[in-house]
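Chemist: Submitted below is the structure of interest, expressed as structure tokens.
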Amino acid sequence: MPDAISRRLAVLAAASAAVAGTAIFFGPGAPAAHADITCSTAYLPLPDPVCTPGTLNPDVTQDTIDSTICVSGWTATVRPPTSYTNALKVKQIAEYGYSDTSTSDYEEDHFIPLELGGAPRDPQNLWPEPHYSSDSSGNTSYTKDQVENKLKKAVCDGSAGLSDAQNAIATDWTTALAKLGLS
């Protein structure tokens, strides 16, 4: 697993940058350029933090949630077309070195979900997340989808702040609900 302190420092830096309205990158080190790179599956069920650090949509802030993520159907207005995500999925499956190259076994997932203000088209916020569990945890892309929905509900009903939810999911989506007292 990624070094928790490095990851937390990167998240705090990203939260500070969010206030300034700059591009946000989660994870240690410089973001990957996604050109001739190899990503590691060692972090599963999380993405490789260098290849997929996560980025935010600068249009989504705590002040804009009532006109963005908390509006029913809003994510459909920013979701990239499948022609874009399917091509990216094929490329990233190769970059991650998955032995299973069947695209139907993966979701091209937004690491920071659209429901929490993740960047819609940035390859550094998208990765081929397996539909199957890679370890004994049982965590899959479907499990993460449930976490994303609960976090969005908490942000929209005021029981969690947007940046807290973003930080929790970016640090480790498998513990995000517990971290925010929502499990």
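The values are calculated or read from the model by the stated rules, or taken from the named source; none is laboratory data. Keep in mind that this is a model prediction, so the values were computed, not measured. Ideal geometry is used to build each Cβ from the backbone, glycine not excepted, and the neighbour counts take in all protein chains shown. Side chains are part of the model used for accessible areas, which takes the heavy atoms of the whole protein and leaves out ligands, DNA and RNA. Shrake-Rupley method; radii C 1.70, N 1.55, O 1.52, S 1.80 Å.
Chemist: So what J values fall out for the stretch 120-131 if you push phi through Karplus, 6.51 cos²θ - 1.76 cosθ + 1.60 with θ = phi - 60°, rounded to Hz, Gly and Pro as x?
Modeler: x, 10, 6, x, 7, 10, 10, 7, x, 8, x, 6
Chemist: Given a 1.4 Å probe and heavy atoms of the protein chains only, how would you sort Trp127, Trp74, largest accessible area at the top?
Modeler: Reading off the accessible areas and sorting them downward yields Trp74, Trp127.
Chemist: Roughly how many percent of the accessible protein surface of the stretch 57-183 is carbon and sulfur, given a 1.4 Å probe and a whole-percent answer?
Modeler: That share works out to 50 percent.
Chemist: Something else now. Probe radius 1.4 Å, ligands and nucleic acids left out: which of His110, His131 has the largest accessible area, and how do the rest follow?
Modeler: Largest accessible area first, the list is His131, His110.
Chemist: Long-range amide H contacts for Ala119: which residues qualify at under 5 Å (H placed 1.01 Å from N, peptide plane, sequence gap of 5 or more or a different chain)?
Modeler: The list, which skips near neighbours in sequence, is Thr55, Leu56, Asn57.
Chemist: Give me, ordered by chain and number, the residues 5 or more places off Tyr106 or on other chains with an amide H under 5 Å from its own placed amide H.
Modeler: Here the answer is His131, since their amide H atoms fall under 5 Å of that of Tyr106.
Chemist: List, in order, the whole-Hz ³J(HN,Hα) value for each residue of the stretch 52-64 obtained from phi through the Karplus relation with A = 6.51, B = -1.76, C = 1.60 and θ = phi - 60°; use x for Gly and Pro.
Modeler: Karplus values, whole Hz, x for Gly and Pro: 10, x, x, 9, 10, 7, x, 7, 10, 9, 4, 6, 10.
Chemist: Quick one: if the Förster radius is 35 Å, what FRET efficiency do Tyr84 and Ser134 give, using the C-beta to C-beta distance and rounding to 0.05?
Modeler: The formula returns an efficiency of 0.85 here.
Chemist: Right, next: If you add up the charges near Ser40, with Lys and Arg at +1 and Asp and Glu at -1, over every other residue whose beta carbon is less than 11 angstrom from its beta carbon, what do you get?
Modeler: Overall, the nearby charge balance is -2.
Chemist: Let me ask you something else. Amide H to amide H under 5 Å from Leu126: which residues, 5+ apart in sequence or cross-chain, H placed 1.01 Å off N in plane?
Modeler: Correct list: Phe111.
Chemist: Across the stretch 150-157, in residue order, what do the Karplus-derived ³J(HN,Hα) couplings come to in whole Hz, using 6.51 cos²θ - 1.76 cosθ + 1.60 with θ = phi - 60° and x for Gly and Pro?
Modeler: Result, ordered by residue: 5, 5, 4, 4, 5, 5, 6, 8 Hz.
Chemist: Hey, if we sort Thr38, Thr101, Thr143 by accessible area with the 1.4 Å probe, largest down, what's the order?
Modeler: Thr38, Thr101, Thr143
Chemist: Can you give the accessible area of Ser133 in Å² (nearest 10), computed on protein heavy atoms with a 1.4 Å probe?
Modeler: It works out to around 40 Å².
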